[in-house]
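Asks: The following block contains the structure, expressed as structure tokens.
The values are calculated or read from the model by the stated rules, or taken from the named source; none is laboratory data. Just so you know, these numbers come straight off a predicted model, no measurement behind them. Neighbour counts run over all protein chains shown; Cβ positions are idealised from the backbone, glycine included. Note: accessible area is taken over every heavy atom of the protein model, side chains too, but ligands, DNA and RNA are not part of it. Shrake-Rupley method; radii C 1.70, N 1.55, O 1.52, S 1.80 Å.
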Amino acid sequence: MYTRPHGDDRAWASLLNAAVDLGITLLDTAGVYGEGHNETLLGQAVTPRRHEVFLATKVGLVVDDLATMTLHRDGRPAQLRNAVEASLRRLRTDTVDLCYLHRVDPTVPLEDSWGALAAMVAEGKIGHLGLSEVRVQEAERAHRIHPVAAVQSELSLWSRQSLGKQAHEEDIVGWCARNDALFVPFSPLGRGFLTGTITPDTSFPASDLRARHPRFTSPARTANQRVLAPLRTVAERHDATMAQVALAWTLAQGEHVIPIPGTTRLSYLRANVQAARLELTAQDLAELDGAPPAFE
């Protein structure tokens, strides 16, 4: 979750442990999520099982206003070092397995930011380095200094720009495959839209980021119902949920693609895990690939 989760921390810890029990080993967070609270919660929950999980976090963004998730980029080497060390304290670990540069800071040379993180790999504080929301050229620049182990960007049936299939898009998914890096899609369920549970009449509280997202205005939600039609057809064919089909489509984009769906409910968590067992046919994939682009 991007903001501080509501409710009892013990309930969230129970959900995290249930995920590990179900075989989920990659746990993804960031220093700005909940302004550090979510890292603290994750650290408390999994410390007894640290050997069972692969922890990923992100640095390079700073919270200005948590309520509105107003942020700014800060890729200065000293700031990144402080952020990594703060994350390690909150996560209760000596080494974070994967650390992303959350965003490239245009005021700081990427080589300086990446070099600072690479130095912390050499010190044993970070296991592997990743980039979030980058262009291919930026990934290439970083990769020449230290291997890029993962790239995290949005990818789902209604956000397919990372596949580079249209003009002016970049195939960062393909770049990752060619360079032995993971591609880690966030929002693989379209921020909940691809589950089919969000209608044009759905309302979002002011604290929900979707309340300010162009694709979640009522007119956009009405127009984007067309994206759901092939999902619904394939789901009925397999006696699966639309969410499971959306996740299976994302997984089908390559063996190096590992989506990270978020959830707050145990029932959804269990259903998401089952998506890994859903085998889509060539016909299924063709129908899903033919889904119209999202409107915003």
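Asks: Being of a type in the set (A, V, I, L, M, F, W, C) and either in contact (Cβ under 8 Å) with a residue 40 or more places away in the chain or open to solvent by 20 Å² or more (accessible area, probe 1.4 Å) (or both) is true for just one of Leu110, Leu41, Leu55, Leu27. Which residue is that?
Replies: On the way: Leu110 fails: either in contact (Cβ under 8 Å) with a residue 40 or more places away in the chain or open to solvent by 20 Å² or more (accessible area, probe 1.4 Å) (or both); Leu41 fails: either in contact (Cβ under 8 Å) with a residue 40 or more places away in the chain or open to solvent by 20 Å² or more (accessible area, probe 1.4 Å) (or both); Leu27 fails: either in contact (Cβ under 8 Å) with a residue 40 or more places away in the chain or open to solvent by 20 Å² or more (accessible area, probe 1.4 Å) (or both).
After ruling out the rest, the residue left standing is Leu55.
Asks: Scan region 91-107 for residues that are over 22 Å from the mean Cα position of the chain (by Cα) and open to solvent by less than 10 Å² (accessible area, probe 1.4 Å) and report the count.
Replies: Qualifying residue count, region 91-107: 0.
Asks: Could you run through region 120-165 and say how many residues are free of Cβ contacts under 8 Å to residues at least 12 places away in the same chain and open to solvent by 80 Å² or more (accessible area, probe 1.4 Å)?
Replies: Going through region 120-165 one residue at a time, the tally reaches 6.
Asks: Looking at (1) in a helix (DSSP H, G or I); (2) open to solvent by 30 Å² or more (accessible area, probe 1.4 Å); (3) over 16 Å from Leu80 (Cβ atoms); (4) touching a residue at least 24 places away in the same chain (Cβ under 8 Å), which is the only condition Val173 fails?
Replies: Every listed condition holds for Val173 apart from (2).
Asks: Check Phe204, Phe193 and return the single one that is farther than 30 Å from Met120 by Cα, more than 19 Å from the chain's Cα centre (by Cα) and among the aromatic types (Phe, Trp, Tyr). Spell out how you get there, then give the answer.
Replies: Numbers: Phe193 fails: more than 19 Å from the chain's Cα centre (by Cα).
Phe204 is the lone residue from the list that is farther than 30 Å from Met120 by Cα, more than 19 Å from the chain's Cα centre (by Cα) and among the aromatic types (Phe, Trp, Tyr).
Asks: So, one more: Looking at (1) among the small types (Gly, Ala, Ser); (2) closer than 22 Å to Trp12 by Cβ; (3) in contact with a strand residue (DSSP E or B) (Cβ under 8 Å, 6 or more places away or on another chain), can you tell me which one Ala271 breaks?
Replies: The single condition Ala271 does not satisfy is (3).
Asks: Just checking, does region 194-217 include any residue being at positive phi and of a type outside the set (Gly, Ala, Ser)?
Replies: No, region 194-217 contains no residue that is at positive phi and of a type outside the set (Gly, Ala, Ser).
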